[in-house]
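Peer 1: Take a look at this one; I'll ask things after.
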Amino acid sequence: MTDAPMLARTTDRTTLVDAGGGLTVRLTPAGDVAEIGAPDGHRLNLYRVGEHDAAIAGPYLRRTTADGVMDHVALTGSRSSAAWSAHDGAVRWTGSGLGTAWTVHLVLDPARPALVWRVALTATAPADGATWDVATTQDLALAPVAAAQSSEPYVSQYVAHRLAPSAALGTVVLSRQTMASAPVLPLLALAVAEGSAGAGTDGFDLVGTAARAGAVPAFLTGEPWPDRVRQHEMAMAGLLSAPTTLPEPTVVHVVGRYWPDRRGAMLDAVPDLELTVPDLVALADARADAGAADAPVPAPSQAPSLLATAPLLGGDPLADDDLLALGAGARHVEHDDDGQVLSYFTDGGVHVVRGEKDRTLLRPHGHVLLAGDALSPDRPVLSTTVFAHGVFGSHTVLGNTSFDTFSSVHRNHLNLLRSNGVRVLVRTDGGGADDGPGGWRLLGAPSAFVLDVGEARWVYVLGDRRVEVRTVGDAARDALLLEVTTSHPADLLVTTDVALGEGAWSARESGGALVVTADEGTATRAHHPGLAYVLAATPGAEVTGDAPLLGSPHATSVLTVRATAATTLRVATTADRSGGSSADVARDLVAHGLDAAHEAAGHRATLARLTRGLTVAEGSRFAELGVLLPWWANDARVHYLVPHGLEQYQGAAWGTRDVCQGPFELLLAAGLLDGCRDVVLRVLGAQGVDGTFPQWFMFDAYAEIYQEHAHGDVVHWPLFALGQYLRASGDLDVLHAEVPFRTGEPATVADHLDALLRHLETDLVPGTSLPAYGDGDWDDTLQPARSEMRASMASTWTTALAVQTLELAAAQLRRGELEHAALADRMATLASAITADLRRHMLPDGVAAGFVTVADGVATPVIHPRDTATGLTYRLIPMTQLVLAGVLDQAEADRHEAIVREHLLFPDGVRLTDRPTRFADGETESFRRAEQAAFFGREVGLMYAHAHIRWAEALAALGRPDVGDELLRLSPIGMGDRVPSATRRQRTCYTSSSDATFPDRYTAARDFGLLRTGEVPTADGWRVYSSGPGIYLRQVLHALLGLDERHDALVVGPTLDAADDGLEVALTLAGATRTVRYRVDPAATGVTVRADGRDVATTPVPHPYRWASAALDPAGLDGVAVLEVTTPPGTAA
């Protein structure tokens, strides 16, 4: 342990440049642009660049030789070797390379929010037929700083781009932020004053996915520029200047004009820009001419960080035999078009991936590792997020994933910010020309990536050398272990970028370990004063600060562990809330390591409690579910206990609606009824005395943080969860449980129900019994654009949900004491009134409207064949919910099923509406997010997996044979075979949407019909963080297999196809592992059950639209090993 006294964070060491015109620039000590500020607390750029990162945007020089070979060099920042200085309102970089000398100025306009990149080039050697051009990029948020930092992919989805032709400027890039500042609409115009030769609008086009593995960014190669609008998740304006042979000194001006609020058609900004450009060019030229006479502000003297400059070191490709040798057995093997193995699952469910596969994916392989075996929020969970391209840990956190984070979040899927999280640098004796300063290289894309639910392993084959990195969560303790092994001795450097206390932290030495705590005055310290993270390393390794990266200590955010000539290095991270008491655990881990098989068994045992240990016999089409469900159970556990995901890394809260579905249904299906009770009581504890619930709330020590205003459906979910819990548990005593309201007033659960009913009885559309729409319903994209819609509009989906919820809760309350009969009667009365008005107003011409608006007693359907305003005809979720609520008769249910199949069912799943909502450069008319989002993905792209699972549930309610087909349609394991339009993706994690790869909203509107024919590829959306995995697990157990264990009965009612005859599964039922064999008999008229060959007495459980299930006494299962279930096959409509 060295340098212990300096291990505390310093204040911000960036240099601020401000000309007074509205834009400001901050630069890192190495001269990278860290941030461009805009008026009203906005930020122009998308990513905040730290001291250990190189800028991901700015000007680059490209040289193309006479024989077509292209080289490039950054003109500014860590990777440029340029000297820099800051002047009053401007920054200057000077450097040389590629046969030129350059001077770059970044000049801020003192009169308005505008800037100019001025690049002056002079040839220093004969051209010999070469040409040069300047490529300039700018990542874009155009949003308040807090919004920009919360989720860069999300912010990018709401940056609308246009490419506009200009006779004077060539192509102009126009970009507008449509949501983060709404109703204010900031707009940036970017142009090359001398005329552009190429353009792009998103980093996934301009940079390309291969860059995450160290390839040259696409815009710096000889490949053609995109020259198209692409709306994705890394908003980036890019422009290319015309080529020149540099016969004389040449100047290129890239101008940016920012409007804090520019409404109307985006293209209308071009004439204004054209008028402004000459003034901006003159300003930049004058500033450059005057620069020599100015006294520059001395730039901090700091060498760039190794993390910014060390080249990536990737693993060599493996032969198929070598890839297959990494696992025991190979199932569900994926091949590329040439027959090469891309990935497979071992017999034990481990996933092995070829490194080259990850380099081509839009979303890299990632996984959230959980330590310990907690299945309740009573115990905080330690987690970390890993990615295949050399991110060995990130977002490491015990408990609250927003405020208590230890290591920083890996924020960029193209790996452009390489200090994030935990990284490993390697230096060997066999260094070469590709090595970085001091011979160091940063481990990047591996030869193979090996994932288990509790462990990740990176395999790097490097010629005759081999490096392996392993990150594993302790299956029983709050501990993580990173282990690096090398076939030959090597110098190793492990870095951890610490984000604790939002950067305000300090560290102390404790018995060879480092204990890191948040400083006084931080939210972390206020809520968890004893929270401490412990970092320990193999004895003999040096645990210190940033000196190995910067040459001397600078007290930045990065801690390092360095080992010399090592073949093994272990680094342990533990966490506790008692000031560092876990240091002994950390020291034990680095001394003895963790046994991989033992930890894997422990993790899978924990997840088996959530899946009932379900396995499926080989030979069935459902065999892959036995492989998939542990992975999705892990995702469901993340959503429940440490809410965040691979893309949605901000979380930490329970959505009231979400927790009453995903986690609750996960626990319900698993038979963990104490957990269900806990969820219900915690949610009721967030209720206000007026009966309402927050949209979301933090469920830990940060409970004062919540969103008070909620969508109109949210208030129904706690009651629905309670009704389901009562049916499963029979625990009517819970109504007497004491749970204070959010503001502290004492109450019982029955008191909460009374408050809830008072709200439901009054929060109605005037003149009706329909629940008011409020701020929206489940589909977050259809939030009302006009305030009057909140009270005058009703959602058919919410209305049907209210009926289902109230009828279920009333039925359960009537099973109890007479004192609750009044509550039950009120629920039943309200349900009856709602049902009557639903049928009166929401089924015009026998077809469910998406919504109705009511004025003067007249209901007007919205999203319906009669609707002429929105351009939409059918909406999915009202139709499925009407079936689930049993509101429709058989003929009506069949008709709505037929509508879904004809108009909403696509090759990759059902869509939320029959066509997209209107889009006009992000300005709204009816619905907010649906009309604001420029990216055609997630809910806006209309195929949301959660809704597809509910479609499968509705099919089960109807008794259809394709329930299994629809559940399997979502499985990434076999998706490549089942969904030809699906692009390659990670095959383990839950994906919340299937995103059609339309480049923009206008193309999606024009070509939407091509989705139905499978002509448009569909990509994976955001991953892991969703209620979807929990409800999926429930549908497998309850709807497909028909095994619903309650306190007084095992209800058996499978929904299978005739081809599933002979299906055999094993799982835990009534406290023991049992085999269940299915006989799907077309002659059967109902469900019968035999136990170890004996007939079992059952009671029919009727359903509105299908044959009855069979309820049997769980006591009759004592000692039973095999259940034989005979069932009719599902029937087609």
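Peer 1: Restricting attention to the range 12-65, report how many residues are within 30 Å of residue 129 (Cβ to Cβ) and out of contact with any Phe, Trp or Tyr (no Cβ under 9 Å at 6 or more places or on another chain).
Peer 2: Residues meeting the conditions: 1.
Peer 1: In the range 808-910, which helices (runs of 4 or more DSSP H) lie fully inside it and hold 3 or more residues that are surrounded by 22 or more Cβ atoms within 10 Å (Cβ to Cβ)?
Peer 2: Correct list: 821-841, 876-885.
Peer 1: Condition check: touching a Lys or Arg at 6+ places or on another chain (Cβ under 9 Å) and assigned to a loop (DSSP other than H, G, I, E, B). Does residue 412 satisfy that?
Peer 2: In short, yes.
Peer 1: Is there any pair with a first residue in the range 77-89 that is farther than 12 Å from residue 16 by Cα and a second that is of a type in the set (Asp, Glu) whose Cβ atoms are under 6 Å apart and which are 6 or more apart or on different chains, and what are they?
Peer 2: Matching pairs, first to second residue: 77/32; 78/32.
Peer 1: Mind checking whether some residue in the range 145-161 is within 19 Å of residue 220 (Cα to Cα), buried (at least 24 other Cβ atoms within 10 Å of the Cβ), modelled with pLDDT of 95 or more and among the hydrophobic types (A, V, I, L, M, F, W, C)?
Peer 2: no
Peer 1: Still on this structure: Taking the criterion of being assigned to a strand (DSSP E or B), of a type outside the set (A, V, I, L, M, F, W, C) and closer than 21 Å to residue 646 by Cβ, would at least one residue in the range 170-183 satisfy it? If you could, list the steps in order and put the result at the bottom.
Peer 2: Taking the range 170-183 and keeping what is assigned to a strand (DSSP E or B), we get 170-177.
Subset that is of a type outside the set (A, V, I, L, M, F, W, C): 170-171, 175-177.
Filter again for closer than 21 Å to residue 646 by Cβ, leaving none.
No: zero hits.
Okay, residues lined up against (1) crowded, with 24+ Cβ neighbours inside 10 Å; (2) at pLDDT 95 or above; (3) within 22 Å of residue 217 (Cβ to Cβ); (4) among the aromatic types (Phe, Trp, Tyr):
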| position | (1), (2), (3), (4) |
| --- | --- |
| 70 | no, yes, yes, no |
| 73 | no, yes, yes, no |
| 81 | no, no, yes, no |
| 100 | no, yes, yes, no |
| 112 | no, yes, no, no |
| 115 | yes, yes, no, no |
| 123 | no, yes, no, no |
| 164 | no, yes, no, no |
| 174 | yes, yes, no, no |
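Peer 1: Restricting attention to the range 779-806, and to residues there that are among the hydrophobic types (A, V, I, L, M, F, W, C), in a helix (DSSP H, G or I) and farther than 30 Å from residue 727 by Cα, which single residue is modelled with the highest pLDDT?
Peer 2: Filtering first and then ranking leaves 791.
Peer 1: Can you spot a residue in the range 888-904 that is in contact (Cβ under 8 Å) with a residue 12 or more places away in the chain and in contact with a strand residue (DSSP E or B) (Cβ under 6 Å, 6 or more places away or on another chain)?
Peer 2: yes
Peer 1: For the range 997-1065, list the helices (runs of 4 or more DSSP H) that sit wholly inside it and hold at least 2 residues that are assigned by TED's automatic domain parsing to the domain that holds residue 938 and of a type in the set (Gly, Ala, Ser); which are they? If you could, list the steps in order and put the result at the bottom.
Peer 2: Details: elements: 1001-1007, 1009-1012, 1028-1034.
Fully inside the range 997-1065 and qualifying: 1001-1007, 1028-1034.
Peer 1: For the range 194-230, how many residues meet the condition of being under 17 Å from residue 47 (Cα atoms) and among the polar types (S, T, N, Q)?
Peer 2: The total comes to 1.
Peer 1: Check the range 481-495 and report whether any residue there is without any contact (Cβ under 8 Å) to a residue 12 or more places away in the chain and surrounded by fewer than 21 Cβ atoms within 10 Å (Cβ to Cβ).
Peer 2: no
Peer 1: If you go through the range 52-68 one residue at a time, how many are surrounded by fewer than 21 Cβ atoms within 10 Å (Cβ to Cβ) and touching an Asp or Glu at 6+ places or on another chain (Cβ under 9 Å)? I'd like the intermediate steps shown before the answer.
Peer 2: So the first thing to find is which residues in the range 52-68 are surrounded by fewer than 21 Cβ atoms within 10 Å (Cβ to Cβ), and the list is 63-68.
Filter once more, keeping what is touching an Asp or Glu at 6+ places or on another chain (Cβ under 9 Å): 63-66.
Qualifying residue count for the region: 4.
Peer 1: Something else: For the range 1012-1024: of the residues being at pLDDT 95 or above and within 29 Å of residue 661 (Cβ to Cβ), which is surrounded by the most Cβ atoms within 10 Å (Cβ to Cβ)?
Peer 2: Checking each candidate, the answer is 1024.
Peer 1: Can you confirm whether residue 213 is farther than 20 Å from residue 934 by Cα and either crowded, with 24+ Cβ neighbours inside 10 Å or touching a His at 6+ places or on another chain (Cβ under 8 Å) (or both)?
Peer 2: Answer is yes for this residue.
Peer 1: Counting only residues that are outside any strand (DSSP E or B) and either of a type in the set (Lys, Arg) or crowded, with 20+ Cβ neighbours inside 10 Å (or both), how many does the range 249-267 have?
Peer 2: 3
Peer 1: Also: Out of all the residues in the range 197-206, is one or more assigned to a loop (DSSP other than H, G, I, E, B) and not assigned by TED's automatic domain parsing to the domain that holds residue 418?
Peer 2: Filtering the range 197-206 for residues assigned to a loop (DSSP other than H, G, I, E, B) gives none.
Scanning the range 197-206, I find no residue that is assigned to a loop (DSSP other than H, G, I, E, B) and not assigned by TED's automatic domain parsing to the domain that holds residue 418, so the answer is no.
Peer 1: Restricting to strands (runs of 3 or more DSSP E) lying wholly in the range 421-503: which have 1 or more residues that are more than 33 Å from the chain's Cα centre (by Cα)? Full working, then the answer.
Peer 2: Working: elements: 422-427, 441-443, 448-452, 455-462, 465-473, 479-497.
Hits in the range 421-503: 422-427, 465-473, 479-497.
Peer 1: Of the residues 939, 931, 925, which single one is touching a helix residue (DSSP H, G or I) at 6+ places or on another chain (Cβ under 7 Å) and in a helix (DSSP H, G or I)?
Peer 2: The unique qualifying residue is 939.
Peer 1: A follow-up question, please. Could you grab me the full set of residues in the range 955-1001 that are small (Gly, Ala, Ser) and touching an Asp or Glu at 6+ places or on another chain (Cβ under 8 Å)? Full working, then the answer.
Peer 2: At the first step, the residues of the range 955-1001 found to be small (Gly, Ala, Ser) are 956-957, 959, 964, 971, 974, 976, 981-982, 992-994, 996.
Hits for the range 955-1001 are 964, 971, 974, 976, 981, 982, 993, 994.
Peer 1: Right, another one. Can you find even one residue in the range 346-355 that is over 17 Å from the mean Cα position of the chain (by Cα), part of a loop (DSSP other than H, G, I, E, B), more than 25 Å from residue 663 (Cα to Cα) and free of Cβ contacts under 8 Å to residues at least 40 places away in the same chain?
Peer 2: Scanning the range 346-355 turns up at least one residue that is over 17 Å from the mean Cα position of the chain (by Cα), part of a loop (DSSP other than H, G, I, E, B), more than 25 Å from residue 663 (Cα to Cα) and free of Cβ contacts under 8 Å to residues at least 40 places away in the same chain.
Peer 1: Now a separate question. Condition test on residue 685, is it farther than 24 Å from residue 1048 by Cβ and of a type in the set (Gly, Ala, Ser)?
Peer 2: Yes.
Peer 1: Of 690, 658, 674, which residue is over 23 Å from residue 748 (Cα atoms) and among the acidic types (Asp, Glu)? Steps first, please.
Peer 2: Numbers: 690 fails: over 23 Å from residue 748 (Cα atoms); 674 fails: over 23 Å from residue 748 (Cα atoms).
It is 658.
Peer 1: Select, from 381, 391, 350, the only residue that is surrounded by fewer than 24 Cβ atoms within 10 Å (Cβ to Cβ) and hydrophobic (A, V, I, L, M, F, W, C).
Peer 2: Selected residue: 350, the only one of 381, 391, 350 that is surrounded by fewer than 24 Cβ atoms within 10 Å (Cβ to Cβ) and hydrophobic (A, V, I, L, M, F, W, C).
Peer 1: Residues that are in a helix (DSSP H, G or I) and more than 24 Å from the chain's Cα centre (by Cα): does the range 968-976 have at least one?
Peer 2: Going residue by residue through the range 968-976, those that are in a helix (DSSP H, G or I) are 968, 975-976.
So of that shortlist, the ones also more than 24 Å from the chain's Cα centre (by Cα) come out as none.
No, the conditions are met nowhere in the range 968-976.
Peer 1: Anything in the range 915-924 that is surrounded by fewer than 21 Cβ atoms within 10 Å (Cβ to Cβ) and closer than 23 Å to residue 1013 by Cβ? List them, or say none.
Peer 2: Applying the first criterion (surrounded by fewer than 21 Cβ atoms within 10 Å (Cβ to Cβ)) to the range 915-924 yields 915, 918, 920, 923.
Result: 915, single match.
Peer 1: Among the residues of the range 85-94, which ones are out of contact with any strand residue (DSSP E or B) (no Cβ under 6 Å at 6 or more places or on another chain) and either aliphatic (A, V, I, L, M) or surrounded by 18 or more Cβ atoms within 10 Å (Cβ to Cβ) (or both)?
Peer 2: Of everything in the range 85-94, just one residue is out of contact with any strand residue (DSSP E or B) (no Cβ under 6 Å at 6 or more places or on another chain) and either aliphatic (A, V, I, L, M) or surrounded by 18 or more Cβ atoms within 10 Å (Cβ to Cβ) (or both), namely 87.
Peer 1: How many residues does the range 533-582 contain that are touching a residue at least 60 places away in the same chain (Cβ under 8 Å), of a type outside the set (Asp, Glu) and outside any strand (DSSP E or B)?
Peer 2: Going through the range 533-582, the residues touching a residue at least 60 places away in the same chain (Cβ under 8 Å) turn out to be 533, 542-551, 553-577, 579-580, 582.
Add one more test, that the residue is of a type outside the set (Asp, Glu), and what stays is 533, 543-545, 547-551, 553-575, 577, 579-580, 582.
If we keep only those that are outside any strand (DSSP E or B) as well, we get 545, 547-551, 553-557, 577, 579-580, 582.
Result for the range 533-582: 15.
Peer 1: Now for a different question. Kindly establish whether residue 690 is of a type in the set (D, E, K, R), part of a loop (DSSP other than H, G, I, E, B) and either surrounded by fewer than 24 Cβ atoms within 10 Å (Cβ to Cβ) or assigned by TED's automatic domain parsing to the domain that holds residue 714 (or both).
Peer 2: Taking the combined requirement at face value, the residue satisfies it.
The values are calculated or read from the model by the stated rules, or taken from the named source; none is laboratory data. Everything quoted here is computed from the prediction, not taken from an experiment. Cβ sites come from the backbone with ideal geometry, for glycine too, and all protein chains shown count toward neighbours.
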